[in-house]
Amino acid sequence: MPETRIFLLNELKMKAVVYEKYGPPEVLELREIPKPVPKDNEVLVKVYATTVTAGDWRMRKADPFLVRIMAGLFKPTRVKILGFELAGVVEEVGSEVKSFRKGDRVFAWCGFKFGGYAEYKCLPENDYICVMPSNMTFEEAAAVPVGGLTAVWFLKSAGIQKEHKVLIYGASGSVGTFAVQLAKYFGAHVTAVCSTANVDLVKSIGADEVVDYTREDFTKMDSRFDFVFDAVSKASKSACKKMLKPTGKYISVLSSPKKQKNTLLFLKEVIESGKLKSVIDRRYTFEQIREAHAYVESYRKKGNVVINVLES
């Protein structure tokens, strides 16, 4: 009897990466914590893959300082498990859930509650969660929500139209690689800006023209654009203003676009049509989460860095 009791208690535990103070990647610790139980309107997802995004390492490091207002002034108190996005399998559904059932393969954006760095995550049915694209792996699907949703929201907020001339700065990052492909999907002519090492990558995902910023000052181009999208918040509005048509717009990931609930479903449809894919730079195990954070913080990543929480 005592052995059975211990076994049941162990079943209610899960592994998660927790941080209890701000700092370098070493503050991340892999621990056993209680497994969550879904509320009536929630699904319990068994997480197979998550990612490391700029948002994750900035939360971990409290950079910028405003992060502390969101997570806790002196130490993280409101958010202790990072992970913006995930892909996995529905293990359990609440009594009121109608859209999902046990066994569904799903991908999701966790929002600013985070929580993807865990073996299990509860998400409300009406959150940004959707059945995975049929032509993607867990790794590929986990990399879609943050970059894909951000790219769509900004492109639509700029009013992208067929034959628009668009410049995307930071085209080799997570948001940038999705933005290049989606701008092409919407019928725009895309000029992408990146470094020498990423020129071939950006061409391979559909950019019409590529400018290597290490060899050419893109702000001195003669071309004029319907909008300039700074996908890495490093190109100032003043520097880009002269590149815009009279009615042109400058948009940056630092601003807040209008969010739409059905966007994840839209991305699923575009992916299944073969017009959108995830660019994955590196893959790490759950135990290598510190290494993954250090790499992403180095600003060297191309596209996305994936963490395999469970073997698929």
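A compact table of results
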{"item": "Residue in the stretch 276-283 that is surrounded by 15 or more Cβ atoms within 10 Å (Cβ to Cβ) and acidic (D, E) present", "result": "yes"}
{"item": "Every residue from the stretch 238-258 that is of a type in the set (D, E, K, R) and surrounded by 14 or more Cβ atoms within 10 Å (Cβ to Cβ)", "result": "K249"}
{"item": "Out of L254, L276, L244, sole residue that is out of contact with any His (no Cβ under 7 Å at 6 or more places or on another chain), of a type in the set (A, V, I, L, M) and over 20 Å from A207 (Cα atoms)", "result": "L254"}
{"item": "Close pairs from the stretch 17-31: first free of Cβ contacts under 8 Å to residues at least 40 places away in the same chain, partner in a loop (DSSP other than H, G, I, E, B) and surrounded by fewer than 17 Cβ atoms within 10 Å (Cβ to Cβ), Cβ under 9 Å, at least 6 apart", "result": "V27/E20; V27/K21; E29/E20"}
{"item": "Count - residues of the stretch 198-250 that are within 22 Å of the chain's Cα centre (by Cα) and small (G, A, S)", "result": "6"}
{"item": "Hey, E85 acidic (D, E), under 13 Å from the mean Cα position of the chain (by Cα) and in the same structural domain as V47 (by TED's automatic domain parsing) or not", "result": "yes"}
{"item": "Any pair with Cβ under 9 angstrom, 6 or more apart, that starts in the stretch 34-47 at a residue that is crowded, with 19+ Cβ neighbours inside 10 Å and in a loop (DSSP other than H, G, I, E, B) and ends at one that is among the β-branched types (V, I, T) and at pLDDT 95 or above", "result": "P38/V93; P38/V97"}
{"item": "Top-ranked residue in the stretch 66-78 [being surrounded by 18 or more Cβ atoms within 10 Å (Cβ to Cβ) and of a type in the set (A, V, I, L, M, F, W, C); ranked as farthest from A118 (Cα to Cα)]", "result": "V67"}
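The values are calculated or read from the model by the stated rules, or taken from the named source; none is laboratory data. Remember, it's a predicted structure, so these values are computed and weren't measured experimentally. Cβ: placed from backbone, ideal geometry, glycine included. Neighbour counts: every protein chain shown.
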